[in-house]
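The values are calculated or read from the model by the stated rules, or taken from the named source; none is laboratory data. Just so you know, these numbers come straight off a predicted model, no measurement behind them. Glycine gets a Cβ as well: all are built from the backbone with ideal geometry, and neighbour counts include every protein chain shown. Remember, those area values only see protein heavy atoms, side chains included, never the ligands or the DNA or RNA. Shrake-Rupley method; radii C 1.70, N 1.55, O 1.52, S 1.80 Å.
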Amino acid sequence: MPRRRTPTTHACELVTDPDARKDADRLAASIREAFPAGISRPALRALANAGLTDLHALTLWSESEVASLHGMGPKAMGLLREALHVTGRDFRP
């Protein structure tokens, strides 16, 4: 039997407000160079929204805190983990 989807009571502002989406994408683009290639736009938006603008800022957060941000997936987390290790850094324990 197919699952029945329940209607959501609210929608993400990025979906309902085109200006908010443009602002979020602009903010994400401004930090793109500070992170490894291959990080998705949703992950960059999540990082930018949280104020994480470079790899050093990630060292102030635990891996589970970063992973819990809406938009962070396993691929982005792997790329961030690898980039931190290459530079001799790590997430906060």
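Where helices (runs of 4 or more DSSP H) sit wholly within the stretch 4-89, those with at least 2 residues that are at pLDDT below 95, at negative phi and open to solvent by 60 Å² or more (accessible area, probe 1.4 Å) occupy 13-16, 18-31, 41-49.
For the stretch 48-68, a tally of residues being within 21 Å of Ser30 (Cβ to Cβ) and without any contact (Cβ under 8 Å) to a residue 24 or more places away in the chain returns 6.
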